[in-house]
Every structure is written in structure tokens, then in C-alpha cells.
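The values are calculated or read from the model by the stated rules, or taken from the named source; none is laboratory data. Small disclaimer: the values here were computed from a predicted structure and weren't measured. Quick reminder, even Gly has a Cβ in these numbers, built from the backbone with ideal geometry, and neighbours come from all protein chains shown. All accessible areas refer to the heavy atoms of the entire protein, side chains included, with ligands and DNA or RNA removed. Shrake-Rupley method; radii C 1.70, N 1.55, O 1.52, S 1.80 Å.
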Amino acid sequence: ISDQKPLGCWSVKHGQVLTCPVVCNFETHEYIAVHDDRVLRIWKNEDINLDKAFKATLSADVHRIHSLPHSGPVVLFKAGAVRTLDVLLEAPQQEIENVISDEAIRWSEAFTESQQPVVIFTTEKDGDFFVYIQKPKQESAHKYKLEPQELSQPLSFTAYLQNQTVTLLCLCSNDSVYKVLIPLQQDPEEEEQTLPKSLLLDLSVSGSVLKGTSLVVVDKDHVAVLGSLAARGKEPKECLTIWNTKFQTLQTSKELPLGTSGQLWCYEEKFFLTHGKVLTVIMYKCETSSLAAAVGKLKDSQTPGVPSFVNWNTLEDEELVVSFQSQESLALKAESRMNLRSRRSKAAKAQPDNLSREQLLLNLKNAPTNVLESDLRKLMSKAKTPDLQATIGSVVTVLANRSKTNPRYYPQSFLLQLVETQALSYSLCPDLMALALERRDMYLLQICLQRFPDIPEEITYTCLKTFLSISEAYLQRTDVDLDSVICYIDVKCRKKKVKTEIMENGFNEELDQHMCDMQTHSKSDSESCPVGPQRAALLNAILHSAYSETFLLPHLKNLPAQQVILFLRYLYYLYVKCSEKVNTTLPGVRSPTINQIMDWMCLLLDAHFTVMVILPEAKELLSNLHKFVRAQVRFYSELNKIEGSLRELQRLNHLRNSQSYSIEVLEII
């Protein structure tokens with residue numbers, strides 16, 4: 001998710017349905033899925049076709065697979081039976097016993113205790129809830145009944161295992177969280193017990209009640225609850241809240257105006273939830289709970305007297321800048337992913353000179369220009385921390401807003417300094433690139449494209465269209481970084497003879513002819529770059545930017561045909577230049593790689609193939625591309641023929657004693 005690029009995608013056949021979440025086997029690095037309730041599929045990252053992956057048809061319906069880091073996956077069947085994956089694969093059609101009768105599984109989880117897997121799940125039948133604990137390797141199972149609660153039903157469960165005791169937490173419909181303690185060591189002959197529930201937390205504060213839908217354990221003293229916060233006389237609002245169960249206090253909360261699916265996950269100190277169409281990942285760090293922290297009275301607290309509900313949005317309700325800042329010991333940092341791009345928002349705590357971040361921004365917002373830039377330089381001299389980066393990102397947004405309202409104000413050099421020296425991202429200052437586009441600041445756009453890891457595809461497309469449409473005369477008057485082009489484009493005359501390094505050594509006549517074709521095209525078509533060095537440097541920045549093909553293609557289809565041809569000609573020029581080198585690497589700093597060039601050529605052809613075929617001016621370019629690629633394919637196919645001999649040479653080289661002298665004659669057949 002940091003690069004927002006799909007690493008793999010697999011699909012079942014039409015008519016088949018994945019019936020439980022796919023998991024990863026930590027030990028073998030394989031994916032495990034179940035479709036149509038009984039068909040087990042196992043595959044690795046390099047497998048392309050899911051239909052050709054390992055397949056096993058089981059004898060009973062699967063409810064869920066749980067993956068454990070040190071014990072391997074365990075399979076929970078709808079009938080309540082549990083098997084380790086290894087045992088199940090030994091005999092996929094083995095008989096699966098019925099552990100539950102007329103009960104529906106509502107929730108399940110797996111843990112590791114003494115290197116042995118432990119599975120816990122809850123069931124419901126006629127309004128009654130039951131808890132099962134199974135140890136598949138010891139073939140032990142225990143059933144318990146949850147103590148019924150008048151006018152209340154469990155809505156969500158979570159649990160953790162500590163000191164041979166399972167602590168089960170129940171989020172109930174009466175807006176409370178209950179705790180149930182279940183010891184792992186039980187007499188197998190003992191009859192079904194009724195487990196008492198004790199009130200752990202009342203989800204109400206200052207007259208507001210949280211109608212929870214999901215909860216997870218943060219640590220032994222904190223829980224996170226996702227739900228709808230209802231205040232008297234106001235519309236309910238969905239929120240993510242953190243509660244201190246030890247002192248019965250609400251630590252902090254975050255309003256989610258776009259709505260959620262009602263599901264909350266927690267894994268490796270990160271919360272996962274959906275917010276509208278956005279996947280939000282929230283990192284947290286939880287320190288030891290104390291009464292002083294719970295009531296916001298820590299001596300070193302930077303925000304004394306902050307109310308229970310803390311506004312996590314710290315800059316004019318902009319969701320891109322999110323601070324999970326609270327006055328207690330629970331320190332949270334947020335990373336939101338918008339449009340499948342990485343949003344690197346950082347936590348903000350205390351600011352220099354004992355000012356809160358909000359107060360600092362408020363002071364800078366109306367400060368004179370000289371005072372503002374002076375204070376910012378002092379701020380930048382501080383040691384770099386995530387808090388400081390978030391603050392500087394917010395300050396950049398303040399500068400951008402000031403430039404929009406005042407056309408005469410545009411601190412270009414200062415903005416460049418911030419981008420070049422600070423670890424900023426698009427999400428920390430989303431208005432900066434829009435401002436640079438408005439002011440036609442090519443240099444700032446180039447630096448942002450080189451340094452920001454999370455630029456949305458729409459902005460990338462807008463930059464590309466601007467770079468291709470702006471006049472050559474304007475670009476020649478513009479300062480841009482030419483480090484990526486100066487080593488392979490003659491900035492003065494841009495007419496440099498091309499020398500190929502392809503050695504025609506012992507190939508057949510047909511291949512020789514194709515190699516000659518390839519050399520001819522490379523000499524005739526790439527003697528001069530089709531664009532100027534300034535435009536080439538800007539386009540190179542586009543090639544380096546991260547993107548997701550799914551979200552970039554719709555925008556690329558709107559690119560005018562003449563601009564597509566110009567960009568393709570430049571990509572073809574780079575492609576030929578790369579092919580001249582044995583290592584297919586262009587010289588220079590931040591020069592495009594062969595993979596980036598090929599990916600963008602494919603993107604453009606995918607988006608405009610029909611138009612390219614129809615346009616007469618694109619015919620020669622497509623023909624040259626076709627011939628050049630065909631010649632390279634033939635060339636590499638010939639190399640593949642001697643791959644075995646080259647591997648044998650490498651093996652013999654390892655076996656050779658470096659201390660002895662020898663002359664060897666090897667015959668390549």
C-alpha cells in the first residue's frame with residue numbers, strides 16, 4: 001500500500017465464490033483460499049492462474065481459516081470441528097465430526113499457547129450464546145454457555161490469551177462491554193459450565209452514548225470501539241473511539257463522516273477500517289496506563305485541560321491531515337490511504353516554544369510574510385521528528401492558501417527548500433502541487449514528482465498533460481533539473497551519433513537481418529531527441545512517479561492524440577537508448593529505467609491503441625516500435641538458447657580450485 005501498486009491478482013472461475021477470507025501461511029509464504037465452501041486452493045506469489053493452483057476438495061463446509069505465525073494455519077469447519085492444515089492435507093476427504101448442533105458460528109479467533117494452536121469461537125442458538133475452546137493437536141474441546149443478559153444481546157466479540165486464561169470481551173446491545181474469563185486448563189469430564197459476565201466498560205460519557213458495532217483489544221487496559229455516537233438532540237455520528245478500561249474513561253475519538261462498514265481490524269499495532277471508499281490504516285503505540293494520564297493531569301502534558309473528545313482533525317477539517325493526539329499516554333499516529341494511494345499523515349504532539357500545533361498554525365496564518373518565513377526557518381532547524389514533519393506539511397498548506405488568496409505572493413524558493421529538505425508527502429500538503437500547476441512552476445512540480453511517494457493519479461496526469469502542452473519557448477526560459485537527461489541528450493545541438501553495442505557473433509542470416517533492421521531504426525529514429533532537454537527532464541519525473549494502473553488509465557484516455565504521439569516518440573527514443581547499453585541502463589542521476597519506459601509505453605498503447613492505428617502520423621512510429629521489439633525478442637531468444645551452457649560455465653567456475661593453475665577447453669554445443 002505504500003507504493004499503491006498491485007503485486008498480484010487472482011480470480012476464481014465464473015460461478016465460483018470465495019466463501020471465507022483468504023489468509024497467508026507465514027511458514028511457507030503461500031496463500032490459502034476456500035471457494036464454494038469445500039474447495040481448498042493453495043498457491044504462491046509467482047503463480048498466475050488460480051485454476052492451476054493446488055486444489056483439494058474437503059468433506060465438510062469450511063467456516064474460516066486462521067493463520068498463526070509459529071503454528072501454521074488451522075481450519076474451522078461450520079460443524080465446529082477444527083483441524084490443522086497439515087493434518088487436513090494428508091487426507092482431504094477425512095470425516096469431519098459435528099461438534100455443534102443447530103448452532104451458528106458468530107465469531108472465531110486463534111491463538112498460540114506453548115507452541116500449540118488454540119481456537120476459540122462463539123455460537124448462537126435460539127438467543128443463547130455458547131463458547132467453544134479447542135486444541136486441535138491435543139484433540140481437546142470444551143463448551144461453555146454465556147450467562148444471559150436481560151434485554152441485551154452480544155453484538156461483537158474479541159479476545160486475548162494471557163497466563164493460560166482467555167479473556168473474552170463482549171460488546172452488547174445495551175451499550176456496554178462485558179468481560180468473561182475462561183481458563184484453558186479444564187477437566188475434560190466436566191459438564192458444560194455457565195460463564196458469568198462482569199461489566200468492563202459503559203460506553204457513555206457526558207450524556208452521549210456510543211452504539212458500538214465492533215471492538216478490538218489495544219492492550220490490557222485499552223480497547224478500541226467502532227460505532228455510532230449519539231448525543232441528545234443531535235444526529236448520530238460514526239466514530240472510532242479508544243477507551244481506558246482500567247479507569248473507565250474515553251481516551252480519544254475520531255469522527256468518520258463518510259461512514260464505515262462497521263468492521264474494525266487490528267494487526268501488529270495497526271487498526272484497519274474502511275471510511276467511505278477509503279482504506280484507513282492507523283498506527284498506534286500504547287504506553288502504561290496511569291490515573292494521571294487517564295484524566296489528562298500528567299505534569300509533562302502539553303495540552304492540559306483538553307476535553308474528553310479530542311478533535312483529531314488539526315487543520316480546518318481537512319481529513320488528509322489527521323492527528324490522533326490525546327492528552328493521555330495513548331499516543332496514536334495515523335496513515336490514511338485515499339484512492340488507493342499512500343497517505344502518510346503523522347501524529348502531532350507538542351511544538352517548539354511550548355506552543356501547541358493548532359496555536360502555532362493559528363499564529364502563522366495571519367503573520368506578516370517576513371515573520372512567517374523567519375519562524376519557519378527556526379522550526380526547520382529543529383531535529384527532524386514525525387511530529388515536526390506533520391507540522392511543516394500543515395504550514396506548507398498555509399503558505400499555499402496564502403498564495404491563492406494573494407496573487408502577488410508566491411515564495412517559490414522557500415517552498416522548494418521545504419520540499420527538498422523535509423520528508424514531506426502529497427498528503428501532508430495536498431494544495432502545494434495544485435498551486436504549482438496554477439502558477440506553471442515547472443521546477444517545483446518536477447521536485448514534487450521526484451520526492452512525493454503518494455501523488456494521486458489525477459495529479460500525475462495533469463502534470464503530464466501540462467508538460468506535453470506547454471510551449472518549447474516557455475520551457476527554454478524555465479529552470480529545471482537536467483541531471484536525468486544531460487548524460488544522454490546533447491543539450492546544445494541534440495544531434496549525436498548513436499553507436500550500438502550489440503555484437504553479431506555467430507547468429508543465422510535471418511537474425512542478422514533483424515539486427516541490422518534494429519540498428520538502422522535506432523540510428524535513423526533516435527539521432528535526436530523528439531523533445532527538448534527541459535521537457536525531457538520533466539517527462540522523466542513523470543516516469544519515476546508511483547501509480548496504480550487501474551486509476552491512471554481512465555485519465556490517460558483523455559490525453560490528446562498529438563500529445564500521446566509526442567510522448568510515445570520520446571519513450572521510443574529512450575527505449576532505443578537503453579537498448580544500446582549492455583546493461584540497458586541510461587546514464588545520469590534519476591534517469592528512467594527500462595521497466596519504467598516499457599510500462600508507460602504499454603499504458604499509452606492500452607489507452608489509445610485504436611486511435612494510434614487510425615492516425616496516419618502514428619503509423620511509422622508503431623511500425624518502428626514493432627520492428628525494434630521483434631528484433632530484440634529474436635535476439636534474446638538466441639541468448640536463451642545458450643543459457644544452459646552459461647549456467648554450466650558458472651557452475652564449473654565455482655568448483656574450480658583457485659589455488660591451482662589449469663587450462664580448460666569447453667565445447668559449447
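Of the helices (runs of 4 or more DSSP H) lying entirely inside the range 459-544, those containing at least 1 residues that are on the phi < 0 side of the Ramachandran plot, of a type outside the set (Lys, Arg) and modelled with pLDDT under 80 span 509-525. Contact annotation: residue pairs with Cβ atoms under 6 Å, 6 or more positions apart or on different chains, pairing a residue in the range 262-276 that is more than 18 Å from Leu68 (Cβ to Cβ) with a partner that is open to solvent by 90 Å² or more (accessible area, probe 1.4 Å) and outside any loop (DSSP other than H, G, I, E, B), are Phe272/Trp265. Within the set Ile96, Ile42, Ile48, Ile120, the sole residue that is aliphatic (A, V, I, L, M), within 26 Å of the chain's Cα centre (by Cα) and modelled with pLDDT of 90 or more turns out to be Ile42. Contact map, the range 608-623: first residue assigned by the TED database to the domain that holds Gln563, second residue basic (Lys, Arg) and outside any helix (DSSP H, G or I), Cβ cut-off under 8 Å, separation 6 or more or different chains; pairs are His608/Lys557.
Per-residue answers, yes or no, for (1) within 20 Å of Ser374 (Cβ to Cβ); (2) open to solvent by 20 Å² or more (accessible area, probe 1.4 Å); (3) touching a Ser or Thr at 6+ places or on another chain (Cβ under 8 Å):
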residue	(1), (2), (3)
Asn401	yes, yes, no
Tyr410	yes, yes, yes
Gln417	yes, yes, no
Ser427	no, no, yes
Phe452	no, no, yes
Ile455	no, no, yes
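Would a scan of the range 547-556 turn up a residue that is closer than 20 Å to Cys602 by Cβ and not in a helix (DSSP H, G or I)? The answer is yes, given that some residue of the range 547-556 is closer than 20 Å to Cys602 by Cβ and not in a helix (DSSP H, G or I). Within the range 173-200, the residues that satisfy the criterion of being closer than 22 Å to Asp219 by Cβ and part of a strand (DSSP E or B) are Ser176, Val177, Tyr178, Lys179, Val180, Leu181, Ile182, Pro183, Ser198, Leu199, Leu200. Report the residue count in the range 144-181 for those that are among the acidic types (Asp, Glu) and without any contact (Cβ under 8 Å) to a residue 24 or more places away in the chain. The total comes to 1.
Criterion applied to Thr167, Thr158 was being closer than 21 Å to Leu229 by Cβ and outside any loop (DSSP other than H, G, I, E, B), and the one residue passing it is Thr158. All of Val34, Val75, Val23, Val17 fail the test of being open to solvent by 40 Å² or more (accessible area, probe 1.4 Å) and in the same structural domain as Ser114 (by the TED database), apart from Val17. Taking the range 406-423 as the range and being closer than 14 Å to Thr391 by Cβ and at pLDDT 80 or above as the test, only Leu418 passes.
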